[in-house]
Amino acid sequence: MRRNVRNWLVPGVLLCLSGCAAETGRMWNDTDASCLRKQMGNAVHSSFPLAANTCQRLTNHGFIFGEASAKPIPLELHNAPDLQALAEEYGYSYNK
């Protein structure tokens, strides 16, 4: 019984942490620019505001505690002038 649990536990946890599609939102290893590009380039072709709302991190790091006082963290868009122009056009704060 224990061997069976061990054989499925690690792959199951890795599968849950990895996600399966760009539509699931920001992955743990995504940068802001890569997340935006993935969201805007998927089959749905999200607009910049939808992609930014999906990818932008909050000061409470997505936890329910401190949700009322959470503020958006500026997007890290250095080396992405096209995304900087879109962020400026739509009024999103970003770091150059």
**Item:** Members of the stretch 65-85 that are over 23 Å from Asn29 (Cβ atoms) and out of contact with any strand residue (DSSP E or B) (no Cβ under 8 Å at 6 or more places or on another chain)
**Value:** Phe65, Gly66, Glu67, Ala68, Ser69, Pro81, Ala85
**Request:** For the stretch 22-96, please list each of the helices (runs of 4 or more DSSP H) lying entirely inside it that holds at least 2 residues being surrounded by 13 or more Cβ atoms within 10 Å (Cβ to Cβ), under 12 Å from the mean Cα position of the chain (by Cα) and not aromatic (Phe, Trp, Tyr).
**Result:** 32-41, 48-55
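Each reported figure results from applying straightforward, stated rules to the coordinates on display, with no laboratory input. Keep in mind that what you see is a predicted model, and the values were worked out from it rather than measured. Note: ideal-geometry Cβ built from the backbone for every residue, glycine included; neighbour counts use all protein chains shown.
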